[in-house]
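Heads up, the thing below is written out as C-alpha cells.
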Amino acid sequence: MRGLVSVTLLLLLALSLSAEAGRGKGKGNKGKPDRAKAASECTPAETEYGKCIPEQGDCGEGQREVTCKGQTNKIHCKIPCNWKKDISDCKYKFGPWGPCDAATNTKSRSGSLKKVLFNAECRDTVTVSKPCSPKVKKTRGENHTLIYYRQTGL
C-alpha cells in the first residue's frame with residue numbers, strides 16, 4: 001500500500017512540475033512578435049525596417065515591418081505624441097530653447113544628429129519649435145520686493 005501511495009505522489013509531483021514549466025513559456029512576450037529572431041538571423045546591413053505606423057491617429061503605439069532574407073515580420077514601435085513625431089527614428093542632441101518670438105508666440109531650438117535608428121534617413125541638423133509658455137516667470141527678487149512694498153505701504 002505504501003508503494004502505491006509513493007508512486008501516486010511522485011506522479012502528482014511530476015505533473016505539477018511539467019505544468020509549471022509549460023506555464024512560464026512566452027511570459028515576457030505578451031503577444032508581440034519576436035524581435036530577437038529577426039536580429040539573430042540577419043546582420044544590420046541585411047535588415048530593412050519600414051516606417052512605424054500607429055494603431056490609431058497619427059501617434060502612439062504601433063507596428064513596423066522588418067524584412068530580413070525575404071521574411072517579413074512586424075515589431076512593436078511607438079511614435080511620440082508631441083513635436084518629436086517627425087524625427088522619432090533619429091536621435092538628436094539639442095541645445096537650450098531660444099527666446100520667445102512675440103510675432104509667432106513660439107520659441108525654437110536646434111539639434112545635431114546623434115544616432116540613427118532603424119536605418120532611417122535623418123538630417124544632420126534640425127530646428128524644432130513649440131508655443132511659448134503663457135506664464136511669466138518671476139525671479140525671487142521681484143517677489144520679495146512686492147511683499148516688502150505691501151508690508152511697508154510704499
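Derivation of every value follows stated rules applied to the coordinates shown; laboratory data play no part. All values reported here derive from a predicted model rather than from experimental measurement. Positions of Cβ are backbone-derived with ideal geometry, glycine not excepted, and every protein chain shown enters the neighbour counts.
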*asked:* Apply the Karplus curve 6.51 cos²θ - 1.76 cosθ + 1.60, θ = phi - 60°, to the phi angles in region 56-61 and return the couplings in whole Hz, x for Gly and Pro.
replied: 9, x, 10, 7, x, 5
*Quick one: Karplus J couplings for region 126-131, per residue in order, coefficients 6.51, -1.76, 1.60, θ = phi - 60°, nearest Hz, x for Gly and Pro?*
9, 10, 10, 10, 8, x
*In Hz, Karplus ³J(HN,Hα) per residue of region 98-103 (6.51, -1.76, 1.60; θ = phi - 60°; x = Gly, Pro)*: x, x, 6, 8, 5, 5
*Kindly put LYS115, LYS78, LYS107 in sequence by how many other C-beta atoms sit within 10 Å of each C-beta, fewest to most.*
LYS115, LYS78, LYS107
*Tell me, THR43, THR67 in order of fewest to most beta-carbon neighbours within 10 Å?*
THR43, THR67
*In nm, to one decimal, how far is the GLN56 label point from the CYS81 one, both placed 7 Å along Cα→Cβ?*
0.9 nm
